[in-house]
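The block underneath contains the structure these notes are about, expressed in structure tokens.
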Amino acid sequence: MTDDGVTSFDAERATLLRVAYRMVGSLADAEDILQDAFIRWAGTDRQAVCVPAAYLRRVVTRLCLDHLKSARVMREEYVGDWLPEPIVEEEPVEDVTLPLMLALERLSPLERVAFLLHDVFGESFEDIARSIDRDPAACRQLAARAREHVRSERTRFPVERDRGLAIASAFFEATKAGDTARLETLLADDVRFHSDGGGKRPAAGRILEGAAEVLRGLSAIFRLRRGNPDLVKTAFVNGLPGFVTREPDGILQTTALLVESDCVKAIYVMRNPDKLRHVEGLLH
């Protein structure tokens, strides 16, 4: 492997990782896909590749398609509610927020790829056609069907950055204090509560719906926990305002909040330690 080969791959690594993560919903799996892509790139006649970036995106796209087809079976066997691995950032990234990522899970692999590559990453249908071995018209139809399915989950009125973080801080303080009265003032009537423990840590067995049910669920958590969580940082989790906490059992947890009109419309809590290892690594 020549230095030029390594350099050209590394120049695209951040973009490729972003593409792969948004396609498969797992940072660990996205890293594995990039490793496979790197191995293929190492064995390629790079002198014959006119545009390395486009070639590598096609390789990653095909590897993601293979992964998505097998991941569907694994999702069906998952214990409890499934959420994508959290990405914690200082600034909001609103191209693919957590609600949209969950909506993408309902699409076929080809619809998902066509939508992401065209609507999110701006690739032409001609380029997408070369990546997935379909003609451009078919790719256009795939993206249109996907767009219709996920329309309601696109960010329409993103909360202003500082306001979102302020609401996240208020939500944390209320949960730390076990203050259900304060929480009630923050929640929308139709709020939904998602929690992913992956069978490794306690979590709600299903999505809780409506303020009354969510408050009952949170009250049960307050009664059962031993000690209070420590705030590690407020941040944006998969594009939504939220926070990282160190729970009484010593394990990290991320909470993301979908905020509309100053009300919390959805709560996404990641408790599965397997999906939090990369977050732990960022803190050291």
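Readers should treat all values here as calculations from the given coordinates under stated rules, not as data from a laboratory. Just so it is clear, the model here is predicted, and its values are computed rather than measured. Every residue, glycine as well, gets a Cβ built from its backbone with ideal geometry; the counts of neighbours run over all protein chains shown.
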Seminar exercise, completed: Expressed in nanometres to one decimal, the distance between label points 7 Å along Cα→Cβ at Arg40 and Glu148 is 3.1
Seminar exercise, completed: Between (i) 67, 59, 27; (ii) 65, 40, 38; (iii) 47, 44, 43, the structure-derived Cα extents along the principal axes in Å is (ii)
Exercise. Within straight cross-link reach of Lys200, meaning Cα distance under 24 Å, which lysines are found once same-chain residues fewer than 8 apart are removed?
Worked result: Lys176, Lys233, Lys275
For this session: Take the alpha-carbon centre of region 238-253, take the same for region 109-178, and report the distance between them in whole Å.
Result: 23
For this session: Tell me, rounded to the nearest percent, the portion of alpha carbon pairs in region 161-282 spaced more than 19 Å apart.
Result: 42
For this session: Could you work out the equivalent-ellipsoid semi-axes for region 9-107, taking the square root of 5 times each eigenvalue of the Cα gyration tensor, largest first, in whole Å?
Result: 27, 17, 11
